[in-house]
1. If a residue has to be in contact with a Pro (Cβ under 8 Å, 6 or more places away or on another chain) and either modelled with pLDDT of 95 or more or buried (at least 21 other Cβ atoms within 10 Å of the Cβ) (or both) to count, how many in the range B:52-78 make the cut?
2. Run down A:ARG82, A:ARG104 and say which single residue is surrounded by fewer than 17 Cβ atoms within 10 Å (Cβ to Cβ) and either in a helix (DSSP H, G or I) or of a type in the set (S, T, N, Q) (or both).
3. Among B:PHE87, B:PHE18, B:PHE10, B:PHE109, which is facing chain A (nearest Cβ under 9 Å) and under 16 Å from the mean Cα position of the chain (by Cα)?
4. If you check B:ALA116 against the conditions, is it surrounded by 23 or more Cβ atoms within 10 Å (Cβ to Cβ), aliphatic (A, V, I, L, M) and touching a Cys at 6+ places or on another chain (Cβ under 7 Å)?
5. Whether any residue in the range A:95-105 is within 19 Å of B:MET89 (Cα to Cα), at the interface with another protein chain (Cβ under 9 Å from one of its Cβ atoms) and modelled with pLDDT of 90 or more is what I want to check.
6. With the range A:117-189 as the region, which helices (runs of 4 or more DSSP H) entirely inside it contain at least 1 residues that are closer than 30 Å to B:GLY163 by Cα and at the interface with another protein chain (Cβ under 7 Å from one of its Cβ atoms)?
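The values are calculated or read from the model by the stated rules, or taken from the named source; none is laboratory data. On a predicted model such as this, the values are computed, not experimentally measured, just so you know. Here the Cβ is made from the backbone with ideal geometry for all residues, glycine too, and neighbour counts use every protein chain on show.
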Amino acid sequence: MSDSPAAVRPVSVAGLPRLTQVMLKVGATGFGMGMVGVLQQEVVTRRSWLTQEEFADGLALANLLPGPIAVDVAVYVGYRLRGWIGATLCLLALLVPAFVIMLRLTIAYLHYGQVPQLHGAFKGLNAAVVALVLSVAYRIGKSSLKSTAQAALAAVALVAAFLHANLIVLVLACGLAGALFLSSRPKTVTP
Amino acid sequence: MNLLRLALVFGKIGAVVFGGGFVMIPFIQREVVQHYGWLTQQQFVDAIALGQITPGPILISATFIGYTVQGLTGAVVATLAVFLPSFLMTALAARQLARLRRNPRIAGFLRGVLPAVVAMLLMAAITIGRATLWSDWRLLLLALAALVLLVRFKVDAVYVVVGAGVTGFLIER
């Protein structure tokens, strides 16, 4: 762990205050996955801290790991540029705007959420949330249910979920099944 | 004691949200609503909707839940706990990137995980829909319209959520 992860610097050097400032901006102006776009614009296009390829690597990594994609990418960017301190600052700076806004919304909600006039609005939000969840299921399903085995796995998981299986165990069990039976064969003979 | 439990629950959820922040929804519903009863179904759905119209990650709904359970400290603890696992894993994996991407076992793991994620999201949508939309055909129609806007026309989620809130408000008046 002695060699600096920032050893390979592309075009310009990222100072910690500037890095923090950029992440604050990304966290305050990007919504959900939209943050990835803002992040890319700042880190690659505007400031040339990372090349397009390095950024794409971060995105690929985020897709492999758990966690929100944009947060994973931001932590990757911070780590690549300034090691653990950079990663920590990036995470916190990214979260601060959302945290502050969410806190205010929560307090307002706990105060006014029961106002009868707003009842309809919350029902409308329910409809939107159901649609959102379905749209994400559709998006992930379209790219991940590519074989009969995967469709069957999804069907089994759906039944198990409705039978109140522990969801964490369920996800990990399906991952294990995938690692055992769905790993792509490397070209060389597996040992 | 609640704080520790809050940290454990959210840390656990943060470690398994493969596929993006939305995947937290079934986990939170199961743990926070059904198991511990920290939130009502309605509060939970509202937390997600608020997370959607707040800039930043969707997972920031954790702040809402933490605050509701244990005030400001709860909000801080839940928020940090839910992001900590992915933070650690990302920073640790950043140097191993090339090796991880070539590892067929990891690719296989994800090929198995994502179908389960799809199934859990479907379950969450059905559970939430049954609890909140089933009794009112207008809300079902609204959900359908929102789905078409999101999937077919790729409208940004923020606009869909705000639009649905306004529509619901106008319907009820």
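1. Applying the first criterion (in contact with a Pro (Cβ under 8 Å, 6 or more places away or on another chain)) to the range B:52-78 yields B:55-59.
Next, from what is left, pick out any that are either modelled with pLDDT of 95 or more or buried (at least 21 other Cβ atoms within 10 Å of the Cβ) (or both): B:56-59.
The number of residues fulfilling the criteria is 4.
2. On the way: A:ARG82 fails: surrounded by fewer than 17 Cβ atoms within 10 Å (Cβ to Cβ).
Answer to the check: A:ARG104.
3. Values: B:PHE87 fails: under 16 Å from the mean Cα position of the chain (by Cα); B:PHE10 fails: facing chain A (nearest Cβ under 9 Å); B:PHE109 fails: under 16 Å from the mean Cα position of the chain (by Cα).
That would be B:PHE18, the only listed residue that is facing chain A (nearest Cβ under 9 Å) and under 16 Å from the mean Cα position of the chain (by Cα).
4. Working: surrounded by 23 or more Cβ atoms within 10 Å (Cβ to Cβ): yes; aliphatic (A, V, I, L, M): yes; touching a Cys at 6+ places or on another chain (Cβ under 7 Å): yes.
Considered against the rule, which asks whether it is surrounded by 23 or more Cβ atoms within 10 Å (Cβ to Cβ), aliphatic (A, V, I, L, M) and touching a Cys at 6+ places or on another chain (Cβ under 7 Å), B:ALA116 comes out as yes.
5. There is at least one residue in the range A:95-105 that is within 19 Å of B:MET89 (Cα to Cα), at the interface with another protein chain (Cβ under 9 Å from one of its Cβ atoms) and modelled with pLDDT of 90 or more.
6. On the way: elements: A:119-144, A:148-162, A:167-181.
Those helices (runs of 4 or more DSSP H) span A:119-144.
Residues are listed down the side, and each one gets a yes or a no for (1) among the aliphatic types (A, V, I, L, M); (2) under 17 Å from the mean Cα position of the chain (by Cα):
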residue	(1), (2)
B:LEU121	yes, yes
B:ARG152	no, no
B:VAL155	yes, no
B:TYR159	no, no
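The rows are residues; the columns are (1) outside the structural domain of A:PRO68 (by TED's automatic domain parsing); (2) among the small types (Gly, Ala, Ser); (3) buried (at least 23 other Cβ atoms within 10 Å of the Cβ).
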residue	(1), (2), (3)
A:GLY120	yes, yes, no
A:LEU125	yes, no, yes
A:VAL129	yes, no, yes
A:GLN150	yes, no, no
